[in-house]
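J.: Following this message is one structure expressed as structure tokens.
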Amino acid sequence: MNPTATHAPAAARSATQPLHVALVVGSNRHGRFGPVVADWLLERLRDRDDLVAEVVDVAETELPMSFEPTPEATAALSGVTPKLARADAFVILTPEYNHSFPAGLKNLVDWHFAEWRAKPVALVSYGGLSGGLRAVEHLRQVFAELHAVTVRDTVSFHNAGASFDDKGALRDPAGPDAAAKTMLDQLVWWGEALRQARAARPYAD
């Protein structure tokens, strides 16, 4: 994965500029499948001229579970918080662990608050028979509490390991590509609308 750097704060950018999207890779499990799906997602994001992507990988973020502002936590936050703050929108990639999403992803979410507010979130999942959809439904509740807006359509990979070949390419890309376009179209609509709204009147909960 090769993240694309971003610079200007989300509220300061013109409505005509591309939306800056943070792609959050939500698994830190040893031997995880997430990077395969993340690489596919980055290709879909980079195919568009209305989106600029930057990666936030839970596996590369060493946040303690205690929520204590230790020097280690401060250092970890200095690497990840600016990426979330400057994003206009988010794509969250999650597997399903025990009918929900991973603890590392929840930890990253819970260390932040204002960074999520009044911004749209698209959800992409992968797993076995359920395709990670139970993790998605739990994430909708979490982001609603954080004043974020989850878009209606998602992308899910059922039996994800069998969906991609040994080189990380989808065996049958037509369905996922179409689903990704629908989801990202919705993300752009909400992202542009909410960016303009935040610029016109700061959001207050």
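The values are calculated or read from the model by the stated rules, or taken from the named source; none is laboratory data. Please read these numbers as outputs of a predicted model, since none were measured by experiment. Note: ideal-geometry Cβ built from the backbone for every residue, glycine included; neighbour counts use all protein chains shown. Surface areas here come from the heavy atoms of the whole protein model, side chains and all, with no ligands, DNA or RNA. Shrake-Rupley method; radii C 1.70, N 1.55, O 1.52, S 1.80 Å.
J.: Rank-order 34-42, 160-168, 85-93 by packing density, defined as the average count of other C-beta atoms within 10 Å over each peptide's residues, highest first. Mind dumping the intermediate values first?
T.: Working: 34-42: 21.1, 160-168: 12.6, 85-93: 24.1.
Top to bottom by mean Cβ count within 10 Å: 85-93, 34-42, 160-168.
J.: For the chain, what is the convex hull (Cα atoms) projected area averaged across all directions, in square nanometres? Provide the component values of the computation, followed by the final result.
T.: Working: hull surface 44.7 nm².
Taking a quarter of the hull surface, the average projection is 11.2 nm².
J.: Evaluated at 4 °C with a viscosity of 1.567 mPa s, what Stokes-Einstein diffusion coefficient in µm²/s does region 15-63 have when Rh comes from the Kirkwood expression over alpha-carbon pairs?
T.: Working: Rh = 11.8 Å.
Stokes-Einstein gives a translational diffusion coefficient of 110 µm²/s.
J.: Excluding same-chain residues fewer than 8 positions from residue 83, which lysines have a Cα within less than 23 Å of its Cα?
T.: 106, 119
J.: Can you tell me how region 43-137 classifies by the Cα gyration tensor, rounded, prolate or oblate, using a/c under 1.5 as the rounded cut? It would help to have the intermediate numbers written out before the result.
T.: On the way: a/c = 2.00, a/b = 1.16, b/c = 1.73.
Judged from the Cα gyration tensor, region 43-137 comes out oblate (a/c at least 1.5, b/c at or above a/b).
J.: Could I ask something else about it? When we measure straight from the Cα of residue 167, which aspartates and glutamates land under 15 angstrom away, once same-chain ones fewer than 8 places off are left out?
T.: Leaving aside aspartates and glutamates fewer than 8 places away in the same chain, those within reach of residue 167 are 39, 43.
J.: Okay, moving on. Could you give the length gained by full extension between residue 70 and residue 200, i.e. 0.36 nm per residue of separation minus their alpha carbon distance, to one decimal place? Write out the running numbers ahead of the final one.
T.: Details: separation 130, 0.36 × 130 = 46.80 nm, distance 3.63 nm.
Extending this stretch completely gives an extra 43.2 nm.
J.: Along the Cα→Cβ direction, 7 angstrom out, place labels at residue 77 and residue 98. What is the inter-label distance in nm?
T.: Simple spin-label model gives 2.7 nm for this pair.
J.: Per DSSP H run of n ≥ 4, the term is -39500 (n - 2.57); total these for the chain, divide by its residue number, and report the mean residue ellipticity at 222 nm rounded to 500 deg cm²/dmol. Could the numbers behind the result be given before it?
T.: Details: 6 runs with 80 residues, N = 205.
For the chain, the value works out to -12500 deg cm²/dmol.
J.: Dipole of the chain, Cα-centred, from +1 at each Lys and Arg C-beta and -1 at each Asp and Glu C-beta, to the nearest 20 debye?
T.: Details: 20 positive and 25 negative charges, 82 e Å.
My answer is approximately 400 debye.
J.: Quick check: residue separation of residue 130 and residue 174 times 0.36 nm, minus the Cα distance between them. What number comes out in nm? Kindly include the intermediate steps, with their values, before the conclusion.
T.: Numbers: separation 44, 0.36 × 44 = 15.84 nm, distance 1.99 nm.
Gain on stretching residue 130 to residue 174: 13.8 nm.
J.: So what is the accessible area of region 32-169 per residue, in Å², with the probe set to 1.4 Å? Let's see the in-between values first.
T.: Values: 5990 Å² over 138 residues.
Normalised by residue count, the accessible surface of region 32-169 is 43 Å².
J.: May I ask for log10 I(q)/I(0) of region 166-205 at q = 0.15, 0.25, 0.26, 0.34 Å⁻¹, from a Debye sum over the Cα atoms as equal point scatterers with solvent left out?
T.: With one equal scatterer per Cα and no solvent, log10 I(q)/I(0) is -0.54, -0.82, -0.85, -1.01.
J.: Using a 1.4 Å probe on the protein chains only, how many percent of the accessible area of the chain belongs to carbon and sulfur?
T.: On the way: 5310 of 9950 Å².
Solvent-exposed carbon and sulfur of the chain make up 53 percent of the total.
J.: Treating only the Cβ atoms of Lys and Arg (+1) and Asp and Glu (-1) as charged, compute the dipole magnitude of region 139-205 about its Cα centre; round to the nearest 20 debye. Walk me through the numbers on the way to the answer.
T.: Numbers: 8 positive and 9 negative charges, 52 e Å.
Dipole magnitude for region 139-205 comes out near 260 debye.
J.: Report ³J(HN,Hα) in whole Hz for each residue of region 126-133, in order, from the Karplus equation J = 6.51 cos²θ - 1.76 cosθ + 1.60 where θ = phi - 60°; Gly and Pro get x.
T.: Once θ is set to phi - 60°, the couplings for region 126-133 become 8, x, x, 5, 7, x, x, 5 Hz.
J.: Please list the non-local residues whose amide H lies under 5 Å from the amide H of residue 56, H modeled 1.01 Å from N, same-chain partners needing a gap of 5 or more.
T.: The list, which skips near neighbours in sequence, is 23, 24, 25.
J.: Select from 28, 51, 73 the residue farthest towards the positive end of the dipole of the chain; place +1 on Cβ of Lys and Arg, -1 on Cβ of Asp and Glu, and compute about the Cα centre.
T.: 51
J.: Going by amide H atoms built from the backbone, whose H comes under 5 Å of the H on residue 126, apart from near neighbours?
T.: 94, 96, 157
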